[in-house]
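See below for the structure under consideration.
The values are calculated or read from the model by the stated rules, or taken from the named source; none is laboratory data. These numbers were taken from a predicted model, which means no experiment stands behind them. Glycine gets a Cβ as well: all are built from the backbone with ideal geometry, and neighbour counts include every protein chain shown. Accessible surface areas use protein heavy atoms only, side chains included; no ligands, DNA or RNA. Shrake-Rupley method; radii C 1.70, N 1.55, O 1.52, S 1.80 Å.
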Amino acid sequence: MKKNIVLIGSLLMAATCAMAQQVNKVTDPVEYINPLMGTDSHYDLSNGNTYPAIALPWGMNFWTPQTGVMGDGWAYTYDAHKIRGFKQTHQPSPWMNDYGQFAIMPVTKHLKVSQNGRASWFSHKAEIAKPYYYSVYLADHDVTTEITPTERAAQFRFTYPKTDSSFIVIDALNKGSYVKIIPGEKKIVGYSTKYARGPLKNFKNYFVIYVDKPITIAQTYSDTTLSNGLELKAEHASALIGFATTHGEKVHLRVASSFISIEQAELNLKREVGNDSFDVTKQKAKDVWNKTLSRLTVEGGTIDQTRTFYSCMYRMVFFPNKLYEIDEKGNIVHYSASTGKVFPGYKFAGTGFWDTFRALYPFLNLVYPSINKEMQEGLINDYKEGGWLPEWSSPGYSAVMIGNNSASVVSEAYLKGGKGYDIEKLYEALVHGANNKGPAATGREGVEYYNTLGYVPYDVKINENAARTLEYAYDDFTIYKLGKALGKPAAETDVYKKRSMNYKNLFDPSTGLMRGKNKDGSFETPFSPFKWGDAFTEGNSWHYSWSVFHDIQGLINLMGGKKQFVNKLDSVFTLPPVFDDSYYGETIHEIREMQIVNMGQYAHGNQPIQHMIYLYNYAGEPWKTQLHVRDVMNKLYKATPDGYCGDEDNGQTSAWYVFSAMGFYPVTPASDQYVLGAPLFKKITLKLENGKTVTINAANNNYANRYINTMSVNGKPYDLNWLSHKELQKGATINFNMAPTPNKTRGVKDSDVPYSLSNEAP
C-alpha cells in the first residue's frame, strides 16, 4: 500500500510539474529564443553549425563573438574558451564561410593587436545572448562588451576598469584592407575586401566607427607591425585607439558599414542610429523582433517546446539577407557582385536554394510574402546583371550544391499570390536556366543529356547525376505550372510537363529504388542503396528515392501500389544505419548524424529526406506521418547548444520544425497544398499579412495524444490529408481532436490524398 501511495504521489508530482512548465500565453516571444541553439558543432559532427547572430530580421549585417581563428568558417563554437574579437559577418554557414567581415575587440593592459594576443578567456556563465543584445565579460581584459544591432549598423558599449591602458582594436582582416584614424572626429574608417567565394568584382565592405571618448593613442598596423601614420592600405590592415579609463567607465561605439562607399556607411549610421542611446537602439531592436515573431503565437506547449519553436523562427528570418541600401535621395540601391557597380533596386544574398526551396521559401510565402516580393525583385536584378539566377548566392554566384531550384523559388512565389514585380523577366530567366549550363552551378550541369536522354547519365563524369535528374524533374514541373499560370502556349509548357516525368527513367524495379543509369540505358553496377554521394548528393538512394515532390502518386505506381509504397517508407526506419562512405573517402558529418540518432536510414540532419515522413498521407496511412513527425520534433530538436541534428542550413531545418509544429508541411512547394502532419501545441495563431487569421486548435494535445482522431475546418468535418494555401489566405479556424491511438478510418480514401501530377486532369 505504501508503495502505491508513493507511486501515486510521484505521478501527481510529475503531472504538476508538467502543468507548471506549460506556457499558456506568449507576450514577449523574443525572450524565448536561445541564439546559442546549434552552436555545439564541429567539422565532423554538426548539431546545427550555427553562431549567435546579433542582428535584425533579414538585416544586411550580423554581429557575432568570434571564438575561432579569423577567417575560419567556424566563427563561434560552444566549447571554446576564448573570444578573439566581435565580428561583423554575412556568413550563411561554416561551409560557405564569410565575406565583408571585420572585427572589433577591446583590450587592456598590454597593447596587442594580433588575434591570439588580444584574445580573452570567457565563460557562458558571464554571457548573455539574445537576438537583439549580446553581452560577455572578457576576463583577461576585465572588460564587459555589449552589442545591439540595426539592419546596417550597431552600437557597442564597453565597460572598462581603471587603467591608463584601455584600447580598441579594429581588425580589417587580410586579403587587402584599409584603415584611417581621424582623432579630431573620434572616428575610424576603412574597408575589408576579404571573401571566401568569388570572384567578386570591385568588392569592398566599407565601415565607419565613432567613439564617444577622445582618442589619446592612435596607431595603424600592417599585420602585427606598427606603421607610420594614421592611414594604411595593406594586405592586412588594423587600427588601434587608446585612452585612460576610470573604474566602470562605459565607452560607446557607433558602427555602420556599406558595400557602396564610406559615405554610404555614414548615411546608414545616421539613418539607423542617429543620436539614439545604446539602450534606445536595444529597445528598438527588441521591438522589431517581437513584431516579426508575433505573426505566430503558440499556446499550451511546454517551456522547452516554446523555446524551440521561437529559436527556430529566429533562424528562419535571417537569410537571404538584405544587401540593398538607401541612398541620400531615399532610393533603394545595391552593389552588384557581377559587375562591381551600383544599381537601383533590391539585392539579397546568402542562401542556397538546394536547401531552402523545400520549406523556408514556402514559409515566407505564407507568413512574410512582402519580404519575398523584395527577394523576387532581387532575383530579377541578379539575372539582369549577371545573366543567370543564383543557386547559391554568397553574394555572387557560388559553385556549391546541385539542381536548378531557383525555378521552385520563383514559381512558387507567383503561384501563391506574388505580384507587383516583373514575373515575365523571371520566367525568361527560368527557361534560360533550364536549357543551359551556366557558371558557378547556375543553369543545369548535364543539360544536354537530360534534355535528350531524359536523365543525366552516371558514366559521363558528371557527379551526383541521379540527384540532378530528380531535382531537374521537379524544377521542370514548377516551370510548367508557372508557364500555365502566365498563359504560355501549351506547346511550350508541355515540354516541361513531359520532362517533369523524367524521374521515372531512374527507377529500378529490381530494387524499388532510384539508381544511377548509364548513357546506354543500363543501370550503374555494382549498386548499393547505402552508398552516399556518387550518384546522389549528401545522401544515398534510400534518401533520394522520395525526391519526386510533384508526383508521389506516380512514384507509388512505380513501386507497385500503396501497400508496397508504405512498406518501403517503413523500411527507412527499420533498416540499420549502415553506410558506404567510399565516395568521400571519409565519414562526412551528415553520415555520422544519421548513424547516431537511432532512426535507421532516416537522415533528418540533411535536406533530401526531410519531406519523406509526410508521404504516408498519399498512401492511405496518415497516422504514420503523425507518429513520425512527433517523434522527430521530440527527439531531434531542442533550444540547446546541441539542439539540431545536423546543419541548420539557412532556416530550412528550422522551417521543417515550425511547419510541423503547425500541423502541416509543403511537400510540393509549387502546388497550392500543405500536407497534414499533427500539431504540437494546443493552439497556434497565425496572423497573415492580409489581415486574416488562421487559428489552429488542438485543445487536448499532449505528449501522448499525438494522433488526429477527427478534424474540422471552419466548423465543418474535414477528412482530407491536405490544406489549401488559397483557402488559408481567407482566414480559417482549424480544430484538431487529438488521441493517443490512431484513427485508421480518417484520411484513407483515394479522394483524401494530396496533389500529384499523375492525378491532374488532362
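Summary table below
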{"quantity": "Pair list, Cβ < 7 Å and 6+ apart or interchain, from the stretch 507-522 residues that are in a loop (DSSP other than H, G, I, E, B) to residues that are open to solvent by 50 Å² or more (accessible area, probe 1.4 Å) and charged (D, E, K, R)", "calculated": "ASN518/ASP459; LYS519/ASP459"}
{"quantity": "Qualifying residue in the stretch 310-327 (condition: assigned to a strand (DSSP E or B), more than 24 Å from ASN381 (Cβ to Cβ) and among the polar types (S, T, N, Q))", "calculated": "no"}
{"quantity": "Matching residues, the stretch 70-95, being farther than 23 Å from SER398 by Cα and either open to solvent by 30 Å² or more (accessible area, probe 1.4 Å) or in a helix (DSSP H, G or I) (or both)", "calculated": "TYR78, ASP79, HIS81, LYS82, ARG84"}
{"quantity": "Among residues of the stretch 456-514, those that are open to solvent by 10 Å² or more (accessible area, probe 1.4 Å), closer than 20 Å to MET401 by Cα and of a type outside the set (Phe, Trp, Tyr), counted", "calculated": "7"}
{"quantity": "Residues (open to solvent by less than 10 Å² (accessible area, probe 1.4 Å) and either part of a strand (DSSP E or B) or polar (S, T, N, Q) (or both)) located in the stretch 48-66", "calculated": "ILE54, ASN61, PHE62, TRP63, THR64, PRO65, GLN66"}
{"quantity": "Residue count, the stretch 212-221 (criterion: open to solvent by 10 Å² or more (accessible area, probe 1.4 Å) and assigned to a strand (DSSP E or B))", "calculated": "4"}
{"quantity": "Some residue of the stretch 540-558 being assigned to a loop (DSSP other than H, G, I, E, B), at negative phi, open to solvent by 40 Å² or more (accessible area, probe 1.4 Å) and touching a residue at least 24 places away in the same chain (Cβ under 8 Å)", "calculated": "no"}
{"quantity": "Count - residues of the stretch 393-410 that are more than 23 Å from TYR195 (Cβ to Cβ), of a type in the set (S, T, N, Q) and assigned to a loop (DSSP other than H, G, I, E, B)", "calculated": "2"}
{"quantity": "Residue identified as open to solvent by less than 50 Å² (accessible area, probe 1.4 Å) and farther than 19 Å from ALA55 by Cβ among GLY350, GLY300, GLY378", "calculated": "GLY300"}
{"quantity": "First in the stretch 356-376 and of a type in the set (Phe, Trp, Tyr), second anywhere and outside any helix (DSSP H, G or I) and open to solvent by 10 Å² or more (accessible area, probe 1.4 Å), Cβ under 8 Å, 6 or more apart", "calculated": "TYR368/ARG295; TYR368/GLU689"}
{"quantity": "Any hit, the stretch 413-426, residues being within 18 Å of the chain's Cα centre (by Cα) and either farther than 24 Å from TRP95 by Cα or open to solvent by less than 40 Å² (accessible area, probe 1.4 Å) (or both)", "calculated": "yes"}
{"quantity": "Filter result (within 30 Å of LYS130 (Cβ to Cβ) and either crowded, with 19+ Cβ neighbours inside 10 Å or of a type in the set (D, E, K, R) (or both)) within the stretch 584-628", "calculated": "HIS589, GLU593, HIS604, GLY605, ASN606, GLN607, GLN610"}
{"quantity": "Residues of the stretch 179-204 that turn out to be part of a strand (DSSP E or B) and either at pLDDT below 95 or closer than 16 Å to VAL255 by Cβ (or both), as a count", "calculated": "10"}
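This table checks each residue for (1) touching a residue at least 60 places away in the same chain (Cβ under 8 Å); (2) open to solvent by less than 20 Å² (accessible area, probe 1.4 Å); (3) hydroxyl-bearing (Ser, Thr, Tyr).
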site: MET105; (1), (2), (3): yes, yes, no
site: VAL113; (1), (2), (3): yes, yes, no
site: SER123; (1), (2), (3): no, no, yes
site: ILE128; (1), (2), (3): no, no, no
site: LEU138; (1), (2), (3): no, yes, no
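Per-residue answers, yes or no, for (1) of a type outside the set (A, V, I, L, M); (2) part of a loop (DSSP other than H, G, I, E, B); (3) under 24 Å from SER258 (Cα atoms):
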{"position": "ASN97", "(1), (2), (3)": "yes, yes, yes"}
{"position": "VAL107", "(1), (2), (3)": "no, no, no"}
{"position": "THR145", "(1), (2), (3)": "yes, no, yes"}
{"position": "GLN155", "(1), (2), (3)": "yes, no, yes"}
